[in-house]
Amino acid sequence: TEAGPARAIPELAENFTWGVATSAYQIEGATEADGRTPSIWDTFCRVPGAVANAENGDTACEHYRRMPEDVELIAGLGVDAYRFSLAWPRIQPGGRGPANARGLAFYDRLVDTLLARGITPWATLYHWDLPQELEDAGGWPARDTAYRFAEYAELTYRALGDRVTHWTTLNEPWCSAMLGYHEGVHAPGRRDFGDALHAVHHLLLGHGLAAERMRAAAAEDARQLSLGIVLNLGHGSPASDSPADLAAARRADGLGTRLYLDALVHGRYPADLLAELPRRGVTLPVRDGDLATIAAPLDLLGVNYYTSHRFAGTDEHGAETDEHGLPVVRMVPFGRPRTAMDWEIVPSGLTELLLRLQREYGLPMVITENGAAFDDRVAPDGTVPDADRTAYLAGHLAAVARARAAGADVRGYFAWSLFDNFEWAYGYDKRFGIVRVDYDTQRRTVKDSGAWYRDTVRLTRGE
Ligand code: GBH
């Protein structure tokens, strides 16, 4: 697929925020600077075999040190906004107690530098770097972590909320819970389905408690606050219209989407999911009032979109039940081209997803992440001719445009990612940046896709 030269996207011309996104542990480095304590990712990276090539975020993109020049780079892309995350173990070392002024000072400077360049900061409170001390005390499966998060959120919001008006609480609680506590492929590397479901509830509760406290703090000072949460979502479809495949798609949707959104928007967990959990030996640790807290009003839903899936309700041998005596859920590839992550490229799924979210949940939406890893080649002249990434971005922006034209209230798009960075369990091999990072020299080079994105933003705005 060829993207062609940049051109205006008329459907995205008005009331639309253009941005780039990163997260703290993936880019900052300086993990021991200014009183930061270890997070679960610092620990996990030291577990043999946990991360490709035994890599870690100790150095990453050295953003902590290079922040001013990185903000210049963002300004050069001509975007409206920059989405970054705040490192809990910098701001509140160990996850408890008063704010660490030296840790906060970095984000103070970042925010001021962005504002001075006319770039709107979009802060995410939690992008997976739980203070290790809190994991030692039980982590997200423990209810106390939700209260600790709310406290951290409030103290951070009080410190930065005079200048930062766009906030999201959690990035992708599904990943924190399922990859971290069930599959064990993300920090903290635990493998227990029950723990993961308890983590889901406490993540959502932490979100709700944080929202309450941030809103109250905003009201005290009559501050403007746009508050949201970021979920990783896709469009799930049945592989055929057989009852088994329809049931499989519905089950996948229950655990991937409705578990979060039904609670956040409607204040209830999905009945079909609640009914099957006991068969897997799990009950959600819900107390009176929790769901009302979780369903605190949201200004915005952040949607991270990478791919979509088709589901079948039979295994390769045609069987319809698996070891728990529960219906099978099997992914069936579309047979479309894939990225370097092996994720299928399905832009149409983004249109369908946004329209479905509009219909069923009705929140204003922003694409808080979308992008792709490819095996980039550096040309002899030093440029990075990543036509595949440009085509990926173009295809997905067209999908957003179609959704918007059909009535989805989508208010912005953030490319993931500004830089090549620490791609979690994959280490530095997988490059998602629209800007290349040479990890030997820390040199940044805008890739062809970055130049294309810059031109697209400019042309779309009519500049
Ligand atoms: C995001 O998570 C993260 O927020 C970000 O930090 C990260 O760098 C970025 O994406 C890129 O990975 O079933 O094999 O087709 C992504 C969460 C969840 C997206 C699983 C892809 C389907 C994989 N991912 N999902 S597959």
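Side notes on the structure shown:
- Given (1) surrounded by 18 or more Cβ atoms within 10 Å (Cβ to Cβ); (2) in a loop (DSSP other than H, G, I, E, B), number of the condition Pro285 does not satisfy: (1)
- Residue-level check: of (1) assigned to a helix (DSSP H, G or I); (2) in contact (Cβ under 8 Å) with a residue 24 or more places away in the chain; (3) not polar (S, T, N, Q), Ile229 misses just (1).
- For segment 365-397, the candidate set comprises residues that are more than 15 Å from the ligand (Cβ to nearest atom) and among the hydroxyl-bearing types (Ser, Thr, Tyr); within that set, the residue that is nearest to the chain's Cα centre (by Cα) is Thr390.
- Flag for Arg404 being free of Cβ contacts under 8 Å to residues at least 24 places away in the same chain, over 24 Å from Thr59 (Cβ atoms) and outside any strand (DSSP E or B): no
- Selection from segment 312-340 of residues that are within 11 Å of the ligand (Cβ to nearest atom) and open to solvent by less than 30 Å² (accessible area, probe 1.4 Å): Thr339, Ala340
- You will find that of Phe432, Phe422, the residue that is modelled with pLDDT of 95 or more, of a type in the set (Phe, Trp, Tyr) and in contact with a strand residue (DSSP E or B) (Cβ under 7 Å, 6 or more places away or on another chain) is Phe432 and no other.
- Taking first residues from segment 411-433 that are of a type in the set (Lys, Arg) and partners that are open to solvent by 10 Å² or more (accessible area, probe 1.4 Å) and part of a loop (DSSP other than H, G, I, E, B), the Cβ contacts under 6 Å between residues at least 6 apart in sequence or on separate chains come to Arg411/Pro364; Lys430/Ala340; Lys430/Glu423; Arg431/Asp376.
- Given (1) free of Cβ contacts under 8 Å to residues at least 60 places away in the same chain; (2) within 16 Å of the ligand (Cβ to nearest atom); (3) under 30 Å from Arg213 (Cβ atoms), index of the condition Arg268 fails: (2)
- Listed conditions (1) within 17 Å of Leu326 (Cβ to Cβ); (2) open to solvent by less than 20 Å² (accessible area, probe 1.4 Å); (3) out of contact with any strand residue (DSSP E or B) (no Cβ under 7 Å at 6 or more places or on another chain) are all met by Ala248, apart from (3).
- Residues located in segment 293-310, provided they are aromatic (Phe, Trp, Tyr) and either closer than 11 Å to Trp167 by Cα or open to solvent by less than 30 Å² (accessible area, probe 1.4 Å) (or both): Tyr305
- Qualifying positions in segment 398-427 - over 18 Å from the mean Cα position of the chain (by Cα) and at negative phi: Ala398, Ala399, Ala401, Arg402, Ala403, Arg404, Ala405, Ala406, Ala408, Asp409
- Scanning segment 344-371 for residues that are buried (at least 16 other Cβ atoms within 10 Å of the Cβ) and part of a loop (DSSP other than H, G, I, E, B) yields Ile345, Val346, Leu363, Pro364, Gly371.
Every residue, every condition in (1) assigned to a strand (DSSP E or B); (2) within 16 Å of the ligand (Cβ to nearest atom), yes or no:
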| position | (1), (2) |
| --- | --- |
| Ala425 | no, yes |
| Asp429 | no, yes |
| Gly433 | no, yes |
| Asp440 | no, no |
| Thr445 | yes, no |
| Ala451 | no, no |
| Arg458 | no, no |
| Gly462 | no, no |
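- Within segment 295-315, residues that are among the basic types (Lys, Arg) sit with their Cβ atoms under 6 Å from residues that are in a loop (DSSP other than H, G, I, E, B) and within 16 Å of the ligand (Cβ to nearest atom), at 6+ positions apart or across chains, in these pairs: Arg310/Ala239; Arg310/Val332.
- Considering segment 174-204, and only residues there that are within 11 Å of the ligand (Cβ to nearest atom) and under 16 Å from the mean Cα position of the chain (by Cα), the residue that is farthest from Leu231 (Cα to Cα) turns out to be His186.
The values are calculated or read from the model by the stated rules, or taken from the named source; none is laboratory data. The structure presented is a predicted model; accordingly, all values stated were derived computationally and were not measured. We place every Cβ from the backbone using ideal geometry, glycine too, and count neighbours over all the protein chains shown. Note: areas computed on protein heavy atoms with side chains; ligands, DNA, RNA excluded. Shrake-Rupley method; radii C 1.70, N 1.55, O 1.52, S 1.80 Å.
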